[in-house]
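Input: a single structure, listed below in structure tokens.
The values are calculated or read from the model by the stated rules, or taken from the named source; none is laboratory data. Keep in mind that what you see is a predicted model, and the values were worked out from it rather than measured. Here Cβ is always computed from backbone atoms with ideal geometry, including for glycine, and neighbour counts include all displayed protein chains.
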Amino acid sequence: MTNDILVITIGAILVNNFVLSKFLGICPFLGVSKKLSTALGMSGAVIFVMALASLVTSAIYKYILSPTFTINGTAINLTFLTILVFIVVIAALVQLVEIILQKFSPPLYQALGIFLPLITTNCAVLGAAMLNVQTNRGVMASTVFGTCSAIGFALALVLFSSLRERLDLAKVPTPFQGTAIALITAGILAMVFMGFSGLV
Amino acid sequence: MTIIITAVLFATGLGVFLAVVIGATARAFAVEIDQRVETITGMLPGVNCGGCGYAGCADFAKAIVEGRTIPSQCPVNTPVNITRIAEYLGITAGEKEKVVAVVRCSGSCAVTVRSPYNGIRDCRSAALVAGGAKGCDFGCIGFSSCARACPFNAIEIRDGLAVVHPDLCVGCGKCVDTCPKSLIVLVPATVDVHVYCNSPEKSVLKRKVCKTACIACRKCVKAADSENQMIVNGFLVATNYSNPPLPDLIEKAACPTTALRLASKHASGAYEGVLK
Amino acid sequence: MSDKPRKFKGGIHPEDSKALSASKAVQTAPLFDKYTVIVHQNIGAAPEIIVKKGDLVKKGQLLAKATGFVSVPLHSPTSGTVAAVEKCPGPTGLNVPSIEITADGQDEWCSPFEPLSDWQNIEPSILKQRVVDAGIVGMGGAGFPSHVKLSPTKPVDTLILNGAECEPYLTADHRLMIEQPDDVLIGAAILARILGLKTAVIGIEENKPDAISKLTGIAGKYNVTVQSLRVNYPQGAEKQLIYALTGREVPIGGLPMDVGCVVQNVASAAAVFDAVIKGIPSIERITTVTGEPLVNPGNWRFRIGTPISKAIELAGGVKYQPAKILLGGPMMGFAQNSLDVTVMKNTSGILLIPVEHVSQYTSEPCIRCGRCVECCPMDILPATISQAVENERFDWAEDLNVLACIECGSCSYSCPSHRPLIQQFKRAKAEIMAARRKKSKK
């Protein structure tokens, strides 16, 4: 896997969009996308968490958990702790975000509601961390990958929430009202993003 | 063995470190939440009708906790819950008289003159076109904007006239804001005698466009028990809600146009077809 | 000003139906025995009535005086007695205050103003005061007090005379330009003098070639240029007219003076001529009485307060029952429910529409065809605004600039689903203004 930053960026944002190509992080994608303002707030929180999480987790993996960690010359393989450690780190970061948000922007905190702590169990964040581990990138590249994946998530979320705001005004047939038409729209949006495949 | 020790040490160390960081941040950025607001919101009906004058039940709960209002201000809540809220906070529930809405017009399609209207079937939009295409500029247009706005389905549209069912109405006032002719008023629920006309125009002009208009003949004023039970305002008579007449005024006055009605009987359609 | 007229964005081309009355010379209506003059005939504050029942009045006498700056006085159309001061049916369907005058048959003037034949040497402020005193309002249909437009608070370099008359059926301005070209041009020169300008330009749509050639022949004498305009509704709307003639765009929410222009209707210019040169107030105007159901459609000079029932009688009555009677043009006129409504200073037309031209429609959902967006001259999105209004999202409608809508009717005309777009926009504007008033009261 090449370390080329540009390739990682375009790949993470457009070609392998976390939401629309990999189908990770669908929970906040459908839950927070009713209004553009909450979508933007959520995107900001996710970008912050994923960037920091990628940085911290890739560093911990490279220097502590992976077999490169040596004590007295013996390689200590702590890879079995990966998921545990990653989740603890991500949970702590999300908790920090929650505390800061509640202090500095109570309306946004109220609007995001339950979806903020759900970033913890969000497969998108853990997915980015695990993908970094699998593809054996350096710490810098991993952080870029994490941030760009989050930007891709934000892009999908903003696009989708704008669509849903317009869907609100349309006359949707009764069997399709609510989540049903939202899911169909998400599917069509995913098909649209398939057009980027093969770009990198 | 080394692995196990390293693993345990590392995991514990990480946990302790993160706990310290989070604890410190929580202490530094602490926010005061009043738990009482949430508890009281749970004791409210949750309809978010706005009848209390605040933006939804949560906002009303906040106002109660901050002492800006009293629990009985909510017209929808049950007396049991109002008392519970009062006890929870250790304050008095307060008294609020029950009010209901009255649509002060009796001009259904059968008794009024109307022009053919082809447009949006919504009262606020129709009012912008020739004042509602009805002969009387002050009467009910009848396109059910108030009925749609009522969260309790207390308003029925009968033959192009909005009629409030007083037993279903809780007095939240949503219909009052919706009516473009300001026809609807909130009155004490105990009063049953009303004049169902809203037009201050000259009686001669009123009669040309509506058979059930109030012509200010003053028969009800004279037949009332005391002088100021019915108030005369130019060419329109109205009930005095601070000193209301008794229901027997209907028979005693024998209103020639049936503008004077009992709300309960009007809601059941007893006055339809009375005038020929 | 270029030779080839600019095309403004959008617009529609409805059938112009002007042949019914375009060639009919203006006839002066006879003196009727009763005139019911509506008091509030202008945008702005209503004038204050100063006569009462039983008063004797002469022709041109003051009936109501102006209240404040954005208000105009009202004068009597004939001599006689004030029979009553009460309500009568108004043009918007509601009953409005009016003054009923029983004519005494003498039609005696009270000679209120002194003719100012030497206007080229008279102070502009005196000329403007004459415009105020004569009660002149925009006679194209809006009824905005003319003297307010003549008192711009920003520098102005162009005076535009509106001779477009883009509404179908209407031919009043057309006949005025053919029969009284000097009145219009001298009126334009007087207006230019009031504004401190040396020249003026008249815009006339290409479907009136006789008016264009007649005016072009003599316009040079008064320093007025005649510019022909493409036939495109709503060419006569202020902002579109300014763009076509000067290429300047009035900003959204702005006024013509923001781009240095003042626009006046040709009939208003002729009224200014009457007020300054002849010394008579605004008490009559040319109105087109037309429509297929009429026996004899044409153009008449009516006094204010003439009931439209009399106007229809003059046109020979009807061959068959019309489906709608409109005051104004078919695109922006108001449907009437009473024949007792009377002619006002801004009544440009009385239209009788047969049933086959009136669409009794049921409105259907928007199919996103985009015709409304294509034809909107103000460059807003009627389809999206309509959706927002349907869902009572007036905040969204405000963000989409519904307040910039000039209610020309092009979108309603083009919509294949027959959606009542203009009524929805009127509703949105009313709700937005009511919400603003409520907020400012708090």
Taking segment B:101-144 only, how many residues are within 14 Å of chain C (Cβ to nearest Cβ) and not aromatic (Phe, Trp, Tyr)?
27
For residue C:377: the one exception among (1) within 14 Å of chain B (Cβ to nearest Cβ); (2) under 27 Å from residue C:286 (Cβ atoms); (3) in contact with a helix residue (DSSP H, G or I) (Cβ under 6 Å, 6 or more places away or on another chain):
(1)
So for segment C:29-51 (the condition being more than 14 Å from chain B (Cβ to nearest Cβ), surrounded by 14 or more Cβ atoms within 10 Å (Cβ to Cβ) and of a type in the set (Lys, Arg)), does at least one residue qualify?
yes
Restricting the search to segment B:14-27, which residues are more than 10 Å from every other protein chain (Cβ to nearest Cβ) and within 17 Å of residue A:60 (Cα to Cα)?
B:16
Scan B:30, B:11, B:7 and give me the residue that is exposed (fewer than 12 other Cβ atoms within 10 Å of the Cβ), without any contact (Cβ under 8 Å) to a residue 60 or more places away in the chain and either in a helix (DSSP H, G or I) or within 14 Å of chain A (Cβ to nearest Cβ) (or both).
B:30
Residue C:372 versus (1) within 14 Å of chain A (Cβ to nearest Cβ); (2) closer than 21 Å to residue C:238 by Cα; (3) in contact with a Pro (Cβ under 9 Å, 6 or more places away or on another chain): which is the lone unmet condition?
(1)
Unique residue being touching a residue at least 60 places away in the same chain (Cβ under 8 Å), among the basic types (Lys, Arg) and outside any helix (DSSP H, G or I) when the list is A:164, A:137
A:137
Would you please name the residue that is farthest from residue A:97 (Cα to Cα), looking only at residues in segment B:38-57 that are buried (at least 17 other Cβ atoms within 10 Å of the Cβ) and at pLDDT 75 or above?
B:52
How do the pairs read when you match residues in segment C:341-365 that are within 10 Å of another protein chain (Cβ to nearest Cβ) with residues anywhere that are of a type in the set (A, V, I, L, M) and part of a loop (DSSP other than H, G, I, E, B), using Cβ under 7 Å and keeping only pairs 6 or more apart or on different chains?
C:358/C:323
Does segment A:32-44 include one or more residues that are in contact (Cβ under 8 Å) with a residue 12 or more places away in the chain, within 11 Å of chain B (Cβ to nearest Cβ) and not basic (Lys, Arg)?
no
Only one of these conditions is not met by residue A:125: (1) without any contact (Cβ under 8 Å) to a residue 60 or more places away in the chain; (2) part of a helix (DSSP H, G or I); (3) away from chain C (no Cβ under 14 Å). Which number is it?
(1)
Kindly establish whether residue A:99 is crowded, with 17+ Cβ neighbours inside 10 Å, touching a residue at least 12 places away in the same chain (Cβ under 8 Å) and either away from chain B (no Cβ under 13 Å) or part of a helix (DSSP H, G or I) (or both).
no
So which of B:176, B:163 is crowded, with 20+ Cβ neighbours inside 10 Å and more than 10 Å from every other protein chain (Cβ to nearest Cβ)?
B:163
Answer yes or no as to whether residue A:76 is modelled with pLDDT of 85 or more and more than 28 Å from residue A:191 (Cα to Cα).
no
Under 21 Å from the mean Cα position of the chain (by Cα), crowded, with 20+ Cβ neighbours inside 10 Å and not in a helix (DSSP H, G or I) - does that describe any residue in segment B:106-123?
yes
Evaluate segment A:79-93: report whether one residue or more is without any contact (Cβ under 8 Å) to a residue 40 or more places away in the chain, within 11 Å of chain B (Cβ to nearest Cβ), touching a Ser or Thr at 6+ places or on another chain (Cβ under 9 Å) and not in a helix (DSSP H, G or I).
no
Look at segment C:415-439 and say how many of its residues are surrounded by fewer than 20 Cβ atoms within 10 Å (Cβ to Cβ) and more than 11 Å from chain B (Cβ to nearest Cβ).
8
When residues of segment B:135-167 are filtered for being of a type in the set (A, V, I, L, M), free of Cβ contacts under 8 Å to residues at least 40 places away in the same chain and assigned to a loop (DSSP other than H, G, I, E, B), how many remain?
0
Which residues, counting only those in segment A:45-77, are more than 12 Å from every other protein chain (Cβ to nearest Cβ) and without any contact (Cβ under 8 Å) to a residue 12 or more places away in the chain?
A:68
